[in-house]
1. May I ask you to say which residue of GLY152, GLY120, GLY145, GLY175 is under 13 Å from the mean Cα position of the chain (by Cα), among the small types (Gly, Ala, Ser) and more than 15 Å from ligand 1 (Cβ to nearest atom)?
2. Can you pull out every residue in the range 323-377 that is under 30 Å from ARG56 (Cβ atoms), touching a helix residue (DSSP H, G or I) at 6+ places or on another chain (Cβ under 7 Å) and of a type in the set (Gly, Ala, Ser)?
3. For the range 194-308, which helices (runs of 4 or more DSSP H) that fit wholly inside it have 2 or more residues that are under 18 Å from the mean Cα position of the chain (by Cα) and crowded, with 16+ Cβ neighbours inside 10 Å?
4. Answer with yes or no whether MET170 is farther than 21 Å from GLU39 by Cα, within 16 Å of ligand 2 (Cβ to nearest atom) and buried (at least 24 other Cβ atoms within 10 Å of the Cβ).
5. Suppose we keep only residues that are out of contact with any His (no Cβ under 9 Å at 6 or more places or on another chain) and of a type in the set (A, V, I, L, M) within the range 194-216. Which one would you say is farthest from LEU151 (Cα to Cα)?
6. Taking interchain pairs and intrachain pairs at least six residues apart, which have beta carbon atoms under 6 angstrom, with the first residue in the range 105-123 and within 13 Å of ligand 2 (Cβ to nearest atom) and the second of a type in the set (Ser, Thr, Tyr) and modelled with pLDDT of 90 or more?
7. May I ask you to list pairs of residues, at least six apart or on different chains, whose Cβ atoms are under 6 Å apart, with the first in the range 269-297 being within 13 Å of LEU336 (Cβ to Cβ) and the second being of a type in the set (Lys, Arg) and surrounded by fewer than 21 Cβ atoms within 10 Å (Cβ to Cβ)?
8. Return only the number of the condition from (1) open to solvent by 10 Å² or more (accessible area, probe 1.4 Å); (2) touching a residue at least 12 places away in the same chain (Cβ under 8 Å) that ALA322 does not satisfy.
Amino acid sequence: MTSTDVAGAFHQRFGVSPSVVTQAPGRVNLIGEHTDTSEGFVFPTAIDRRVWVAARVVEGPSRLVSDRLGDAEPFDTRGEIPGDWSRYAAGMAKELASWAGRPMPNLEAYVASDLPIGSGLSSSAAMEMAFGVLWQELLRLDLSGRELARLGQQCEHEHIGVQCGIMDQMASALGRAGHAMFIDTRNLDLAYVPIPSTLTIVVCDTMKPRELSDSAYNERRLQTIEASEVLKTCTLRDATAEQIEGGRDQLGEVRYRRARHVQSENERCHRFVDALREGEIDQIYVLMRQSHESLRDDFEVSCPELDAMAEACWQAPGCIGARMTGAGFGGACVALVERGRTSVFREAVSAHYLLHVADRMPRFLVCESADGAAVAG
Ligand code: ADP
Ligand code: MG
């Protein structure tokens, strides 16, 4: 997909040319899962699958069309947030309006995307960042990528009802081709770490939709907050393994395991970054596997399909490491695979997965890391 394709689709639909085309990538998190709501460490990379938006300013109301989800109900950027998919755009308009101190103009917009929706690749953050960059460009708003990411996170909190961390929006806003992003979600410090060119990212979609994941996500978030209150730490990011072991009785079994996941995952995230920098391939395999097992057993956000997929990856030729990625309860595993072996890898994973999950054909996305959200033309 190119900006010319998207501009052409806009023209076909609205009979005029768009004034701006933007794009924002999805992301996959290599390690550091469910840590960002505890101000922890994450290690995502933006991927070369994107949401594109072609648009022009109109008097109103806003009319949005998606090549995937069809026509949205018309809405006004100064009015109520709509109930359909356009709420991601309408929510960003609200957040930008309070940042800028003036309303965002209404739009005619055509949304096109080659990023799977609801697979844990954060198409919602890509929507937010694509529309954010759009209004930023139209009004020449002096907003950094970090600030835009913050507004996207606020959009999910205030207008979507998902109490997400900031990783997804940071990755989509600030991604860099050839690199993953080591982010401290407490102060938003960011270090770009090269991904060795011998590795390819393969997203292995279980094709199980992430049902109930929003409510479960919010529940997990509450449990981690409660655990940090019991341990008298600011957030779980500050809790040591010794503190968590020592507080086991007061925490109770569930909060103890939630805390243990966050603490051990933060540690794994650091070790993974070191292993990638040093080219310690064996460590990558071990750490990704431990991450999956901790998400399965301690944080309890996996499901039989994700477990079958992870097992399939671990056994497949060319696999450098694999684990579930994203919020969980469906969605995808991420695997790092030796470049040039992705075909044999996919065949083996597919066969193994189908033995255990007979009713769902898995889907594979072979990805490259990519640059972040930007004006595309
Ligand atoms: P994820 O972020 O993991 O893909 P979410 O449930 O958080 O899943 O966000 C998916 C929602 O984002 C969709 O239900 C839809 O409302 C919106 N969305 C994503 N991509 C598109 C698109 N191409 N066109 C219209 N809406 C989209
Ligand atoms: Mg999302």
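1. Values: GLY152 fails: more than 15 Å from ligand 1 (Cβ to nearest atom); GLY120 fails: more than 15 Å from ligand 1 (Cβ to nearest atom); GLY145 fails: under 13 Å from the mean Cα position of the chain (by Cα).
Of GLY152, GLY120, GLY145, GLY175, the one residue that is under 13 Å from the mean Cα position of the chain (by Cα), among the small types (Gly, Ala, Ser) and more than 15 Å from ligand 1 (Cβ to nearest atom) is GLY175.
2. Selection gives GLY372, ALA373, ALA374, ALA376, GLY377.
3. Fully inside the range 194-308 and qualifying: 213-231, 248-278, 281-297.
4. no
5. Only one residue tops the list, namely LEU199.
6. Here the result reads LEU115/SER123; ILE117/SER123; GLY120/THR325, each pair linking the range 105-123 to a residue that is of a type in the set (Ser, Thr, Tyr) and modelled with pLDDT of 90 or more.
7. LEU287/ARG271
8. (1)
The values are calculated or read from the model by the stated rules, or taken from the named source; none is laboratory data. Keep in mind that this is a model prediction, so the values were computed, not measured. No Cβ is skipped: glycine too gets one built from the backbone with ideal geometry, and neighbour counts run over all protein chains shown. Accessible surface areas use protein heavy atoms only, side chains included; no ligands, DNA or RNA. Shrake-Rupley method; radii C 1.70, N 1.55, O 1.52, S 1.80 Å.
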